[in-house]
1. Quick test for you: out of ARG223, ARG196, ARG190, ARG186, pick the one residue that is of a type in the set (Lys, Arg) and within 16 Å of ligand 1 (Cβ to nearest atom).
2. Which ones in region 148-168 are more than 18 Å from LEU197 (Cβ to Cβ) and in contact (Cβ under 8 Å) with a residue 40 or more places away in the chain?
3. Taking region 131-164, which residues are within 16 Å of ligand 3 (Cβ to nearest atom) and among the hydroxyl-bearing types (Ser, Thr, Tyr)?
4. Here is a list of conditions, (1) without any contact (Cβ under 8 Å) to a residue 60 or more places away in the chain; (2) closer than 15 Å to ALA36 by Cα; (3) within 15 Å of ligand 3 (Cβ to nearest atom), and VAL93 meets all of them except one; can you say which number that is?
5. For region 231-244, check the following and say yes or no: at least one residue is modelled with pLDDT of 95 or more, surrounded by fewer than 20 Cβ atoms within 10 Å (Cβ to Cβ), under 21 Å from LEU126 (Cα atoms) and away from ligand 3 (no atom under 16 Å from the Cβ).
6. Provide a single number: the residues in region 121-163 that are within 16 Å of ligand 1 (Cβ to nearest atom), within 11 Å of VAL95 (Cα to Cα) and not aliphatic (A, V, I, L, M).
7. Quick check: anything in region 68-91 within 13 Å of ligand 1 (Cβ to nearest atom) and touching an Asp or Glu at 6+ places or on another chain (Cβ under 7 Å)?
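The values are calculated or read from the model by the stated rules, or taken from the named source; none is laboratory data. The structure displayed is predicted, hence computed values, not measured ones. Cβ placement follows ideal geometry from the backbone for every residue including glycine, while neighbour counts extend to all protein chains displayed.
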Amino acid sequence: RALQLSLEEAVQGAEFRLRYQPIVELSTGRIVGLEALARWPTSQHGVLLPDRFIALAEETGHIVQLGAWVLESATRDLAAWRATDAAGGELRVSVNMSARQLREPGFVDLVRDALASSGLPPGALLLELTESILMGRDENIEADLLALKELGVGLAIDDFGTGYSSLSYLRELPIDMIKIDKSFVRDIARSPADLRLTDGIVRIAATLGLSAVAEGIESAEQRDLLADIGCRYGQGYLYSRPLPPEEVADLLRTTN
Ligand code: G
Ligand code: G
Ligand code: MN
Ligand code: NA
């Protein structure tokens, strides 16, 4: 397919860009982290979003090289922001991971190298994993996750509640954070059932000593309800769209 050929070239030429969406502490509005989101600017189709190319990159294996680029770029960008952040350089960056990347031999070394070349402490990096990655119960992946945990890298479950949720991996794997999927957050202001469900997820997180981040917060009402049920962190258009790196520095200066 044509897109597949362009993907090949784009990966070789590192023609991708990152956008960053702030993750904030709901009670204060302070920015505590940034989630890196890949974009692919093309001459033919405009700027492509991940749903147009991540699955393809996984199929073709290009996700390995693309993922390495994302990791390198995101850690380098964060290192620059931490040097200037008024909040004391405690910002973290979240990077989305594909199963294919985790299965690649040398994955832990790749993470180590990105940390070393950016000079970031391991705790500044959070890897976002999907439930499907964890449901596979791949022993090699689990050993790598444990190694990363020992290194001090944070692990988050992305889109929590949308996959084939099994709670067993929360008990058995070294997870630090649950990201509550935006489909739960969307209707909390008008659906008591959705609010109770979200409340339940936040309680599970608290019980297990995990932090909870709500995704897709678009209104102050949603933010207040989330804060009321004890969800400490969130992200969404209420705070900011995913921003180009130049705008992140400005936002940090005015917000933190
Ligand atoms: O804003 P948005 O359309 O960018 O992101 C949609 C989804 O695409 C994210 O939830 C995430 O799961 C996925 N995604 C974005 N960037 C990356 C990336 O660099 N690597 C991987 N594997 N997935 C990504
Ligand atoms: O990693 P994940 O699949 O959760 O990526 C987040 C996705 O959600 C990205 O595509 C991002 O652009 C999008 N997003 C971020 N904030 C909001 C929001 O407030 N509302 C909606 N509908 N989507 C959002
Ligand atoms: Mn994510
Ligand atoms: Na995701």
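1. Values: ARG223 fails: within 16 Å of ligand 1 (Cβ to nearest atom); ARG196 fails: within 16 Å of ligand 1 (Cβ to nearest atom); ARG190 fails: within 16 Å of ligand 1 (Cβ to nearest atom).
Matching residue, one of ARG223, ARG196, ARG190, ARG186: ARG186.
2. The initial filter retains those residues of region 148-168 that are more than 18 Å from LEU197 (Cβ to Cβ), namely 148-156, 168.
LEU148, LEU151, VAL153, GLY154, ALA156 - these are the residues of region 148-168 that are more than 18 Å from LEU197 (Cβ to Cβ) and in contact (Cβ under 8 Å) with a residue 40 or more places away in the chain.
3. Across region 131-164, the qualifying residues are SER132, THR162.
4. It fails just one condition, (1).
5. yes
6. Number of matching residues: 2.
7. No; the residues of region 68-91 include none that is within 13 Å of ligand 1 (Cβ to nearest atom) and touching an Asp or Glu at 6+ places or on another chain (Cβ under 7 Å).
Condition check ((1) crowded, with 19+ Cβ neighbours inside 10 Å; (2) within 16 Å of ligand 2 (Cβ to nearest atom); (3) part of a loop (DSSP other than H, G, I, E, B)) across all residues:
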residue	(1), (2), (3)
ASP113	no, no, no
LEU126	yes, yes, no
SER132	no, yes, no
ASN140	no, no, no
